[in-house]
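Heads up, the thing below is written out as structure tokens.
Coordinate-derived values only; no laboratory data. Computed from a predicted structure; not experimentally measured.
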Amino acid sequence: MAIHTIQLQNIPVAHEVHIVSFKDVENASFLREQLLGGNAEFEYAFVDASTIVSTAHILVAVHQAVHKLLVNEKLRTRNVHSEIVFSLSPNNNITEAFRRFGIGENTKSLLCVKISSPEKTISAAEVEKHLMESVKGTQMEFNESTIAAETDWANVGKCYKMKGCKEISKEVELEVLGKMVMRSVG
Amino acid sequence: MAATEAPRELIKQGAEALVYKTTYLLPTIPALLKHRPRKPYRHPTLDLRLTKHRCLSETRLLTRCRGLGIPVPAVYFVDEARGEIYMEWISGRSIREVLDAMIAEGRKEEVNDLMKKMGQVVAKLHQNDIVHGDLTTSNVMVRGERKSGLLAGATMEKVDAEVVLIDLGLGMMSTQEEDKAVDLYVLERAFLSTHPQAEDLFQDVLTAYEGSFKGAKAVMKRLADVRMRGRKRSMLG
Ligand SMILES: Nc1ncnc2c1ncn2[C@@H]1O[C@H](COP(=O)(O)OP(=O)(O)O)[C@@H](O)[C@H]1O
Ligand SMILES: [Mg+2]
């Protein structure tokens with residue numbers, strides 16, 4: 001099974017993070033329509049993986065969104081899953097955040113994140129089954145090298161206003177995280 | 001509700017903050033947690049506002065420094081309502097301890113090198129109109145290794161003694177030469193009190209500082225005034 005289930009630090013154990021990664025996705029516009037139409041079966045964070053630079057990058061966004069939910073801070077978006085996408089953004093423009101980091105018509109590599117919570121418990125097997133049925137693409141492991149292989153640095157540069165980065169490094173990773181933190185503190 | 005509480009080891013209980021070594025996100029990512037607890041004697045509304053303000057101010061300064069390439073810990077996560085900042089764990093020691101060791105072992109060249117770096121880092125801060133606000137020798141760390149990446153290729157790389165500024169809790173933006181001179185003065189006092197033989201050492205810091213940016217000369221001039229006032233004050237007792 002290539003689904004990756006993570007328990008984040010300082011988040012109640014009843015909240016698990018399921019992540020499935022796909023490349024060569026062919027039905028991005030169908031998936032996007034499900035989100036836009038508010039189809040409850042498709043409550044996922046569908047992230048365009050070309051904008052993601054490392055595994056920690058997406059996990060930081062997940063942590064920020066789940067933390068907000070838990071401390072009852074008002075979410076800026078519809079639910080914790082859309083909040084994950086928003087959390088990736090370096091600024092407070094929600095429309096732009098979805099356009100840049102969320103699934104688009106032409107998304108080829110996709111990260112799907114599902115939060116299992118006490119109110120809506122869902123197992124890794126259920127998530128994987130549903131995604132395997134719904135996403136037309138090649139499932140991949142979620143790890144540093146599969147993420148790195150899909151990163152589009154020109155796109156990352158645009159999204160985070162960073163110039164000249166071509167590969168992941170400590171500085172680049174922390175610079176991206178820094179921009180996400182700054183958004184969260186205004 | 002049970003949570004995967006990251007283990008915390010208290011490393012300092014200051015007047016304002018509790019400082020822990022802990023982890024962030026995953027058990028493999030070491031982090032420093034700076035927690036400003038509630039002050040029961042303050043009015044709750046005021047208390048919350050002050051806590052938030054200090055957390056955000058420290059976070060903004062740290063982030064600004066990083067953006068400018070000034071070595072400070074990266075901020076990982078902030079919960080300003082609870083008064084918590086998670087930041088990069090710097091594996092190293094305070095410059096005070098490092099200097100002690102270097103001096104005791106007679107590593108003169110390394111000492112000179114370190115002083116020069118110290119002067120350059122403070123210069124970069126001041127050149128960008130950031131004032132540290134509490135520039136003592138415990139608020140400057142020296143690290144000899146660096147973890148490359150949070151998770152991405154999380155390997156240790158050796159670096160040549162790198163100076164890292166910490167604790168910007170009292171920092172601020174300021175264009176005033178006076179504020180910058182006070183930073184230098186505080187640092188000088190800290191050096192002299194921990195390393196009495198340090199008069200020459202601090203001169204090396206100042207030389208490096210002075211050579212590093214255009215406004216440095218004016219700050220140095222101010223430093224003379226600040227010293228004078230300090231001396232008068234201590235004579236008055
Ligand atoms: N990012 C860090 N990495 C490792 N140790 C740190 C870090 N920040 C602080 N420390 C250690 O914790 C101590 C207290 O932290 P500091 O931010 O200076 O708080 P305080 O305001 O109480 O002085 C420091 O003197 C240092 O030893
Ligand atoms: Mg301190």
With all pairs of different alpha carbon atoms counted, what Kirkwood hydrodynamic radius in Å does the stretch B:93-236 show? 15.9
Translational diffusion coefficient (Stokes-Einstein; Kirkwood radius from C-alpha pairs) of chain A at 4 °C, 1.567 mPa s, in µm²/s: 79
Surpassing 32 Å at the alpha-carbon level, of the pairs B:Lys52/B:Lys116; A:Lys68/A:Lys158; A:Lys166/B:Lys52; A:Lys74/A:Lys136; A:Lys23/A:Lys68; A:Lys68/A:Lys170, are B:Lys52/B:Lys116; A:Lys166/B:Lys52; A:Lys74/A:Lys136
Can you compute 3J(HN,Hα) from phi for each residue in the stretch B:35-52, using the Karplus curve 6.51 cos²θ - 1.76 cosθ + 1.60 with θ = phi - 60°, rounded to whole Hz and x for Gly and Pro? 10, 9, x, 4, 9, x, 7, 9, 4, x, 5, 5, 4, 4, 5, 5, 4, 4
Once each part is reduced to its C-alpha centroid, what is the distance from the stretch A:34-79 to the stretch B:212-237 in angstrom? 52
Hey, what do the phi angles of the stretch A:34-51 turn into as Karplus ³J(HN,Hα) couplings, whole Hz, using 6.51/-1.76/1.60 and θ = phi - 60°, x for Gly and Pro? 4, 5, 4, x, x, 4, 4, 5, 10, 7, 10, 8, 9, 10, 5, 5, 5, 8
Rounded to the nearest 500, what is the 222 nm mean residue ellipticity of the protein assembly as shown from helices alone, with -39500 (n - 2.57) per DSSP H run of 4+ residues and division by all residues? -14000 deg cm²/dmol
Between the stretch A:81-148 and the stretch B:76-96, what is the separation of their alpha carbon centroids in Å? 29
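Starting from the Kirkwood Rh over alpha-carbon pairs, what translational D in µm² s⁻¹ does the stretch A:113-186 have by Stokes-Einstein at 4 °C and 1.567 mPa s?
85
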Average projected area of the Cα convex hull of the stretch B:3-88, in nm²? 6.2
Quick one: which residues, 5 or more positions from B:Ile130 or on another chain, have an amide H under 5 Å from its amide H? H modelled 1.01 Å from N in the peptide plane, none for Pro or chain starts. B:Ser174
The stretch B:50-153: Cα Rg divided by the 2.2 N^0.38 Å rule of thumb: 1.21
What percentages make up the Cα-Cα pair-distance distribution of the protein assembly as shown when the bins are 10 Å wide from 0? 4, 20, 27, 23, 14, 8, 3, 1, 0
Using θ = phi - 60° and Karplus 6.51 cos²θ - 1.76 cosθ + 1.60, couplings along the stretch A:173-186 (whole Hz; Gly, Pro as x): 4, 6, 5, 4, 4, x, 5, 5, 4, 4, 4, 5, 9, x
